[in-house]
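What follows draws every value from the coordinates through simple rules; no lab data is involved. All figures in this text were calculated on a predicted structure; none of them were measured in a lab. Quick reminder, even Gly has a Cβ in these numbers, built from the backbone with ideal geometry, and neighbours come from all protein chains shown.
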DNA sequence: CGACGACATCGACGTGTGTCAATATGCATT
DNA sequence: AATGCATATTGACACACGTCGATGTCGTCG
């Protein structure tokens, strides 16, 4: 199970009551994934595509980062559940996982 | 001007369009402040007080961190605008800045 | 089957940061 | 003024992480 799914099941909203160590650790790990300029730009770039999806080769140039770095960031976001991946032939297409982003948003309440 | 105020004035929601370098950097810096278990627990502990405020000496023991570390985290959150500080005699009382937290929450849309 | 293109993984490097002990600052009370 | 207490600052250390070049893997097309 992806990190954000398990947070959604176990973690109360931030200001609803004192957070335990485990809950705080999990929520912090998820927020850390989001707290990077390259990853924020990746999400906004993927979402800006008319189809709502993008492959790695279309993302490296607008970001000014190398292909391994972009691949790394996408993997990190995939692991926590912030993006979804679909392989089609040689290309790997990524979409923003709106539901999981919404989970994080609602936890800051 | 605190970081989150300037973000609120200049930064569009994450998925509204491609983020520029400066916007992504600012938003990431603000999220990084939140993406730490000690700071998340601090916010939830302060909010859990009946008065909605707390001084440093009431926060070190439930967190299991030293006083300088707690002071450091509060200063970092104060600088970006996530908490407010009010000195009363020897004690410094901190409150959660709900508005600024709301700004961050709405930017993840 | 062989070559090519897209993507993933590995190893290494530099930077950033959470933590603590030690010390400084500032207010209050006597 | 002098002492005591709450908080802030400093310096140092260990660890995490973003980035890159080099290389590996897998699917596609001659």
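Values as computed for the structure displayed
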read-out	value
Share of alpha-carbon pairs per 10 Å distance bin for the protein assembly as shown, given as whole %	8, 34, 32, 18, 7, 1, 0
Nearest 10 degrees, 0 to 90: helix A:98-107 Cα axis against chain A principal axis	30 degrees
Average other protein chain Cβ within 10 Å of Cβ, residues B:98-108	3
Segment residue B:90-residue B:5, extension gain: residue separation times 0.36 nm, minus the distance between their alpha carbons	27.7 nm
Viscosity 1.306 mPa s, 10 °C: Kirkwood-radius Stokes-Einstein D of chain A over Cα pairs, µm²/s	109 µm²/s
The protein assembly as shown - mean residue ellipticity at 222 nm from DSSP helices (-39,500 (n - 2.57) per run, n ≥ 4, rounded to 500)	-17000 deg cm²/dmol
Likely footprinting exposure, B:98, B:73, fewest C-beta neighbours within 10 Å first	B:98, B:73
Shielding by partners - mean other protein chain Cβ count within 10 Å, residues of B:45-53	2
Partner chain coverage, peptide A:82-95 - average Cβ within 10 angstrom	0
With Cα atoms, 0 to 90° folded angle of helix B:67-80 axis to chain B main axis	30 degrees
Added length on full extension, which subtracts the Cα-Cα distance from 0.36 nm per residue, residue B:51 to residue B:72	5.3 nm
Distances in nm from residue B:9 to the matching label points in the other copies, shortest first (labels 7 Å along Cα to Cβ)	4.5
Protection proxy ranking of A:24-31, B:54-61 - average other beta-carbon atoms within 10 Å, highest first	A:24-31, B:54-61
